1. Taking the condition under 26 Å from Arg312 (Cβ atoms), touching a residue at least 40 places away in the same chain (Cβ under 8 Å) and within 16 Å of the ligand (Cβ to nearest atom), does Ala188 pass?
2. I need the helices (runs of 4 or more DSSP H) fully contained in the stretch 196-312, keeping only those with at least 3 residues that are within 15 Å of the ligand (Cβ to nearest atom).
3. Going by the conditions given, is Val48 part of a loop (DSSP other than H, G, I, E, B), among the aliphatic types (A, V, I, L, M) and free of Cβ contacts under 8 Å to residues at least 40 places away in the same chain?
4. Quick check on Asp263: is it among the acidic types (Asp, Glu), surrounded by fewer than 19 Cβ atoms within 10 Å (Cβ to Cβ) and in contact (Cβ under 8 Å) with a residue 12 or more places away in the chain?
5. Of all the residues that make up the stretch 84-122, how many are small (Gly, Ala, Ser), part of a loop (DSSP other than H, G, I, E, B) and in contact with a strand residue (DSSP E or B) (Cβ under 8 Å, 6 or more places away or on another chain)?
6. Quickly run through the stretch 317-345 and pick out the residues that are at pLDDT 80 or above and either surrounded by fewer than 16 Cβ atoms within 10 Å (Cβ to Cβ) or over 30 Å from Ala187 (Cα atoms) (or both).
7. Looking at Glu50, Glu6, which is the one that is surrounded by 10 or more Cβ atoms within 10 Å (Cβ to Cβ), more than 17 Å from Gly92 (Cα to Cα) and not aromatic (Phe, Trp, Tyr)?
Amino acid sequence: MNHALEPTDVDMLEMGRLVLDHVVDIVAKIDARPVDNVANGNVLGPLVDEFLAPPPETPGDVRQLLDRLDRASLNAWEASGAGNFAYIPSGGLFTSALAEFYARALNRFGGVAFVAPGLIAAEESVVRWLAHDVCGLPAGSGGLLMTGGSMANFSAVVTARETRLGENIEQGTIYVTRHTHRSVAKAARMAGIRRDNVREVPSTASLAMDMDAARAMIESDKRAGLRPFLIVGSAGTTDTGAIDPLTHMAKVAADHDLWCHVDGAYGGLFRLTERGRDRLSGMALADSVTLDPHKSLFLPFGTGALLVRDPRLLFAAHNETGAYQQDYVSTGGLPDYALLGPELSREVRGLRVWLPLHVHGVAAFRAQLDEKLDLAELVYEKLRLVPSLEVPWRPMLSTVVFRVRALASGDADEATRRLLDCILADGRFSLSSTELDGRQAIRICILANRTHAGHVVELMDLITSAVPE
Ligand SMILES: *Cc1c(COP(=O)(O)O)cnc(C)c1O
């Protein structure tokens, strides 16, 4: 009998300790490493080739394999580093990784409730907390955890389409702005919506959807025989954190019988703070909301959430049962997540949110998010004092966007690009850029839990010393 795939408890402990040693060593030294550790040229090629090699027939040594993996892991961006302000940083909370190890090692099935009701209840407690306490949706709301915001937006579009259009989808139109995350257009394509039928509503000077224009477009599309069925608001755009007028949007949606989806992948969880709750009050009026705990709850990549006012509509949009599922039984009022989304087999996904919330307590997350809002205000106030910079938008969340002021001499876009190159060349910080109003801009997104005032002050010093005279 060959037991090669079943380690003894002694082996499990030894391998587990080895993995833990490696992880703790790397994580504990995160502050000592630059944010971008990707090698170039003659180091990168051989490394990639080495790891592209197919697996061997014969067993390997875990110690050596972990040493090898470390080399690959260290040749990477520190997505959770204190100096990461690029795109949307992620926290990578250790307690979430531990919960994930626990869940994976025990390998309970998370697709239906009756095979692991206690664990599904733990996951459902997270879903209900996100739906009620965070989004402000009413009792009876629910949803499911998915692998990210893109998947959540996808199921939201499918549910809106199914609910509002049924089978007749040819004339269905969707309303977004140019600042809406591209995952919504991608979701629309995957949901069978014509590319032309994703309408770009103009934005106001504050980069939010112009609701008068939206109303006019919807009415004109209706007159033209189209079927407007979905409007998507951003609860924090990825570019600038601008917030669409969600309350007004819900009203327009109700007046025209559209599904109102709020994409809060970046900003929705700021509702844990008082300022966020205030600025995102309209979120509670949505039919569905996307949140991304792997962004603003600081979890490792792989956890998004779709929260809906009426989970029965999720079920109606996704459920197809096969005869092999005839033994499924509903358990204790718990949902079967496999019937609410595209996936069947899945892990018990909720533990990686549940454990951090229970270990650290909600207040710790609220304090972190409040700190990020404060830091963004600080950055805004500092950069505004630099004469050669333009900081056009006061941050609504934790992102500040700035650019080099247009001067008579020289190209402002080029100067902005040069400034970004200069900041990146320093090596301590990672920032990304975007285009707004047809002009280049640099983004500072403050969202890693390791980022504190000291890091932000260092970055400000660097920027002020690098700006053109
Ligand atoms: C990141 C983001 C998404 C996509 O989420 P993933 O988790 O990366 O799939 C969608 N919408 C917004 C506003 C985002 O910031």
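1. Answer is no for this residue.
2. Once the helices (runs of 4 or more DSSP H) in the stretch 196-312 are filtered for at least 3 residues that are within 15 Å of the ligand (Cβ to nearest atom), what remains is 293-296.
3. no
4. Spelling it out, it is not the case that Asp263 is among the acidic types (Asp, Glu), surrounded by fewer than 19 Cβ atoms within 10 Å (Cβ to Cβ) and in contact (Cβ under 8 Å) with a residue 12 or more places away in the chain.
5. 2
6. If the condition is that a residue be at pLDDT 80 or above and either surrounded by fewer than 16 Cβ atoms within 10 Å (Cβ to Cβ) or over 30 Å from Ala187 (Cα atoms) (or both), then Asn319, Glu320, Gly333, Pro342, Leu344, Ser345 are the ones that fit.
7. Result: Glu50 is the single residue among Glu50, Glu6 that is surrounded by 10 or more Cβ atoms within 10 Å (Cβ to Cβ), more than 17 Å from Gly92 (Cα to Cα) and not aromatic (Phe, Trp, Tyr).
Residues are listed down the side, and each one gets a yes or a no for (1) touching a Phe, Trp or Tyr at 6+ places or on another chain (Cβ under 9 Å); (2) surrounded by fewer than 16 Cβ atoms within 10 Å (Cβ to Cβ); (3) of a type in the set (Ser, Thr, Tyr):
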{"residue": "Gln368", "(1), (2), (3)": "yes, no, no"}
{"residue": "Leu373", "(1), (2), (3)": "yes, no, no"}
{"residue": "Leu378", "(1), (2), (3)": "no, no, no"}
{"residue": "Pro387", "(1), (2), (3)": "no, yes, no"}
{"residue": "Leu397", "(1), (2), (3)": "yes, no, no"}
{"residue": "Ala415", "(1), (2), (3)": "no, no, no"}
{"residue": "Ser430", "(1), (2), (3)": "yes, no, yes"}
{"residue": "Gly438", "(1), (2), (3)": "no, yes, no"}
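The values are calculated or read from the model by the stated rules, or taken from the named source; none is laboratory data. Quantities reported herein were computed from a predicted structural model and do not represent experimental measurements. Glycine also receives a Cβ, built like all others from the backbone with ideal geometry; neighbour counts cover every protein chain displayed.
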